[in-house]
Amino acid sequence: METDNKELQQQHQTDERRCSLLGLSSHVADDGGLYDKPLPCFHCGIGWFCFVAGFIFPLFWYYATILYLRSYYLKDPREREGLAASAIAALICSVMVLILMIAVYYL
């Protein structure tokens, strides 16, 4: 019984040296995390850049909507919010243009 405890204690000590909070150290990448590299487009991401630039040139919203629908955010999940915001802005812009066209042609 004492030898079993001794073996478990030794195994536990060797495992403690290899473990981190995220798991075994052999599974943790030493080259930095995926999210350590900066985002493109002035470090704010393509989605947020297109959202802001869309107020000047609305086709940016539609470009970001296409990226959102094609799941571009799977490459970097930090892009998801900006792409979704641009898609919503494109939808609002489309509805406003449609209402404006109906008002102009029927009045």
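Some notes on this structure:
- Here the 3J(HN,Hα) profile of the range 50-56, calculated from phi with Karplus coefficients 6.51, -1.76 and 1.60 at θ = phi - 60°, is 5, 4, 5, 5, x, 5, 8 Hz, Gly and Pro shown as x.
- Per-peptide packing, taken as the mean over residues of other Cβ atoms within 10 Å, places 92-98, 80-86 in the sequence 80-86, 92-98 from highest down.
- In terms of accessible area, using a 1.4 Å probe and ignoring ligands and nucleic acids, LYS75, LYS37 rank largest first as LYS75, LYS37.
- Computed from the C-beta positions of VAL97 and VAL52, the FRET efficiency with R₀ = 30 Å rounds to 0.90.
- Inter-label distance for VAL104 and ILE88, nm, one decimal - labels placed 7 Å from Cα along Cα-to-Cβ: 2.8
The values are calculated or read from the model by the stated rules, or taken from the named source; none is laboratory data. All values reported here derive from a predicted model rather than from experimental measurement. Positions of Cβ are generated from backbone atoms using ideal geometry, with glycine treated the same way; all protein chains shown enter the neighbour counts. All accessible areas refer to the heavy atoms of the entire protein, side chains included, with ligands and DNA or RNA removed. Shrake-Rupley method; radii C 1.70, N 1.55, O 1.52, S 1.80 Å.
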